[in-house]
Amino acid sequence: MGWIKSRWSELQLRVNFPPSSTLLSSLLYEGYIFIKSRCGDQPTLDCVKSSWEEVEKSNINFNFVGNDIKYTLKKLCGNDKVTNLKSLAVCLSKSDQYTKGLTSMEVDLKVKEKGGFLVGTNNFIQGSNGKEGYSFQIMKVDRYEGISIMESDLMNEQVTLYTDIPGLTLFLLGLTSAYVSFVDGNYYLLTFSEDVLPLVLESPTNWISIKSELSSSLSDVLNQLGGLDDELVMLSVLLNEVVIEKLRSFPLSNVNLRLLKVAREGNTYKIYEEFPLQIFKRWSLGKEFMESLQSLFHQLLRPASLYLRGRYKNRDGYHAYMALRYLYSYVITSNGEHLTKCLREIHAAHEINKSGGYLSCVSSNIFKK
């Protein structure tokens, strides 16, 4: 009976620290936005726990490292069979220990005097040295960037990060919300930049929808390319008319997000690349024409991707790739010379592979009436 009452009890949801560019801060805010969009400002215990069902249904493919499995996950779930975020979601959604730890969703960050960096509720931070908390390697990616260790006289100390159940809930749900894809051994995460967060927090459901649409598109492009190609990824964003149409209801001329490439290195993770994404909601070339260019982009992407991955026997893939690079220059500058060069490359691809559909691709998208 006590559980029936407590499951509907409301939890205070808040982050008590300013946003920063660190992965730790970014994913805590992403988790905050995720829960706020699903459960409101005062989520019930039941709603927060049910959020793990979203993780179970998601396409996330995130694996924990050895020390997480051996120590942290065993402490949380009682066995060493939990190795990835989906299996952890199953564990937490059924765990009484997890339920008892969800007393609040008000999270802060603090560097302690004796080398502990704590993420969690005020009770955890004020009354703990961290050892009874949980330590995940993915939370330590920043190597403590942005944390005022110098001000805390901890320059010569080994700082270890610990979190409580509310802290790990925000962070790991944020990781799920930010997850784009796992390609060639690298995780790709998409987060909002600090400058747009105030607007996102005013209308989290709408912004989650925008980011989900963009994430789905990026996942498809990254998987075809086999990784990150700056110009082609940016071109896919600039031509995403669904995202741009959704942005029209917001008072911004452009929106900034970040695409992060994170790799596993032994028992740790490392950010290998941070790629800023700027989305413009103004159709500088006209909506219908931009939609045609988007269709052209997707038709050229496959042969270009095969070329980049060394899997195309004919050289038309090279010309498809060059056509996309000129198309990127055209969209950025509106200089017709770049579009002319794009069309020349498509014609060169056709001369090599006449059954590749290159000319019909151009006639149906560029020269259609």
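Computed values, structure above
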read-out	value
In degrees, nearest ten, helix 336-352 long axis to first principal axis of the chain (Cα)	80 degrees
Folded to 0 to 90 degrees: helix 23-39 orientation relative to the chain principal axis, Cα	90 degrees
The stretch 220-369 shape via C-alpha gyration tensor axes, a/c threshold 1.5	oblate
For the stretch 78-128 and the stretch 28-65, distance of Cα centres in Å	14 Å
For the chain, size of Cβ-based charge dipole, Lys and Arg +1, Asp and Glu -1, in debye	940 debye
Convex hull per residue volume in Å³, alpha carbons only, for the stretch 172-254	102 Å³
Hull volume in cubic angstrom per residue (convex hull over the Cα atoms of the stretch 250-299)	117 Å³
Acute angle (nearest 10 degrees) that the helix 85-94 long axis makes with the longest principal axis of the chain, alpha-carbon atoms	40 degrees
Cys with no candidate disulfide partner in the chain (beta-carbon separation under 4.7 Å rule)	Cys342, Cys361
Helical contribution to [θ] at 222 nm, DSSP H n ≥ 4, -39,500 (n - 2.57), averaged over the chain, rounded to 500	-15500 deg cm²/dmol
Equivalent ellipsoid, the stretch 2-206 (semi-axes from 5 times Cα gyration tensor eigenvalues, Å)	23, 20, 19
Choice from Val180, Val331, Val119 with maximal GNM fluctuation in the chain (Cα, 10 Å cutoff)	Val331
Top of Leu259, Leu92, Leu218 by mean-square fluctuation, Gaussian network on the chain, Cα under 10 Å	Leu92
Choice from Ser329, Ser253, Ser193 showing the highest fluctuation, given a GNM over the chain with Cα pairs closer than 10 Å	Ser253
The chain: Rg to Rh, with Rh as the Kirkwood radius over Cα pairs	1.04
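FYI, it's all coordinate maths here, none of it is from the lab. Keep in mind the model is a prediction, meaning the values are calculated, not measured. Don't worry about glycine lacking a Cβ; one is built from the backbone with ideal geometry, like all the others, and counts go over all protein chains shown.
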